[in-house]
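The following block contains the structure, expressed as structure tokens.
Bear in mind that the values in this text are calculations on the coordinates, not laboratory data. Remember, it's a predicted structure, so these values are computed and weren't measured experimentally. Cβ atoms come from the backbone with ideal geometry, glycine included; neighbour counts cover every protein chain shown.
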Amino acid sequence: MSSVLVAAITVQMAAWNTEYRSSYQRYSETAQVNGINVENATHEEVVHLLRNAGDEVTVTVEYLREAPSFLKLPLGSPGPSSEPGSGTSSPLFDSGLHLNGNSSNTAPSSPSSPVANEPKYEKRWLDAVSLPLSMARVSRCRAGAEKVRCSALEVQALDGASSGILWFYTAQESADWLRAVSANISDLTLQNMKMANKCCSPCDQVIHVGWVRERLGGAGPSQTFRSKFLALKGSSFYVFTSPPVSTLDWVRAEKTYNLCEVLFKVHKFWLPDECWAQASLCLGLQDPSCGDHRPFCFSVLVGHGRSHVFSVELGSELAAWELSFQRATFLDVQRTGSKTYMCSWQGDTLCFTVDFALGFTCFDSKTKNVLWRFKFSQLKGSSDDGKARVKLLFQNLDTKQIEKKELEFQDLTAVLHCIHSFIAAKVASVDPVFIDSQSIARKYMYSS
């Protein structure tokens with residue numbers, strides 16, 4: 001929901017003094033009234049609360065810049081003051097003088113004047129910021145929180161330079177700019193990937209990179225979020241705090257995981273745009289008037305039952321990450337061919353192999369004798385205790401009976417993810433259309 005902005009307050013009480021008046025800035029975002037959080041309240045609700053607050057009112061606000069530049073006077077006009085009679089020029093209007101030999105906005109000098117041929121001067125705008133969009137990020141969320149500004153966004157360059165919070169008249173206008181800037185960033189990122197891949201071997205190509213927001217912990221209002229840069233390259237999934245710009249940066253990742261041993265999962269409630277407004281009212285979801293600002297979330301499940309929860313700004317970004325994970329995993333499985341894990345059962349040390357061509361094989365770690373082997377198509381079910389033990393149910397091709405095999409692993413989650421990766425890659429090699437039909441994010445994109 002849009003924030004409530006306070007442009008001015010008219011005070012009719014003698015107790016209001018100059019100190020308090022000067023400390024209250026125009027164009028401030030109201031956060032609390034008498035300790036009541038009003039960040040998600042409507043304008044009418046805030047006005048009602050102020051009118052019924054009693055003799056003493058405590059207003060907590062977040063100061064914003066005074067006014068967007070289009071509200072100021074045009075180039076060459078006298079610098080407007082922030083308040084009548086204040087004598088202070090606007091923070092968006094340059095209070096200095098700048099050289100301009102072609103100026104026609106200053107009073108002409110007399111031909112006989114000694115300064116007639118000297119350079120003339122004029123007022124100029126200072127509020128112009130140029131940000132390189134290569135590896136930049138754009139977001140409508142508050143720093144460190146999930147709260148979304150429906151009518152605002154912020155762009156931050158790779159070097160940390162920021163556009164500041166850019167406010168728009170409507171949420172739709174903000175969404176249009178968000179998509180336009182994101183598309184520009186994506187195009188530049190794709191160019192960077194192509195250049196980087198020219199120097200990489202075929203088995204170490206960059207598949208996809210981009211900025212996301214990671215949920216670090218907590219629940220409800222106590223949740224914290226941080227910007228992270230993710231990358232799919234070769235057989236690995238990387239999590240960075242800042243984008244890798246050199247070859248050495250790839251070994252400085254915050255986290256690195258084997259692609260075969262992670263699981264990508266979309267875990268957000270999705271509806272087409274035309275159904276969202278009605279569902280929002282029925283289910284008590286976010287305000288539909290703010291447009292498409294709900295977070296697009298996905299999880300990456302890793303070993304030992306851990307996971308990362310990420311969100312992106314647009315549904316197209318979520319679909320791109322889902323497709324990229326599928327493609328990167330498929331390529332990694334084909335390159336790897338097989339994965340072998342140490343396991344045990346009833347005191348015996350065994351080896352369990354997942355092979356793209358052969359399926360599942362279990363053999364003795366010492367003698368190398370094969371104990372059993374089944375194709376992927378023979379796996380009919382499985383269950384695990386969530387810790388170390390798994391039961392695999394295979395159908396015997398000759399007897400048609402179900403055979404149960406139990407094994408224990410040190411990192412059961414990684415093994416289960418690996419099995420999922422190999423089976424998904426096997427299905428994709430036989431029926432690519434089926435894999436595409438299971439894409440939740442792309443279903444949302446198509447329905448929108």
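For segment 337-410, what relative contact order do you get, as a whole percent, if you take Cα pairs closer than 8 Å and at least 6 residues apart?
Answer for segment 337-410 is 23 percent.
Among TYR169, TYR257, which comes first, then next, by fewest other beta-carbon atoms within 10 Å?
Exposure proxy ranking, most exposed first: TYR169, TYR257.
Considering only the other residues whose Cβ falls under 10 Å of the Cβ of ASP348, what net charge follows from Lys and Arg at +1 and Asp and Glu at -1?
Here the charged neighbours net out to 0.
Another question about this same structure. Determine the gain in length on full extension of the stretch ARG226-LYS194; use 0.36 nm per residue of separation and subtract their C-alpha separation, reporting nm with one decimal.
This chain segment gains 8.8 nm when fully extended.
Can you tell me the length gained on complete extension of the stretch LYS265 to ASP431, counting 0.36 nm per residue apart and subtracting the Cα distance?
57.7 nm
Turning to a different aspect of this structure: Compactness ratio of segment 295-397: Cα Rg over 2.2 N^0.38 Å, N = residue count?
Computed over Cα atoms of segment 295-397, the ratio equals 1.37.
For THR399, THR336, what ranking results if the residue with the fewest other Cβ atoms within 10 Å of its Cβ goes first?
Listed from fewest to most nearby Cβ atoms, that is THR399, THR336.
Compute the distance in nm between two label points, each set 7 Å from the Cα along the Cα-to-Cβ direction, one at ALA180 and one at THR256.
Computed distance between label sites ALA180 and THR256 equals 4.1 nm.
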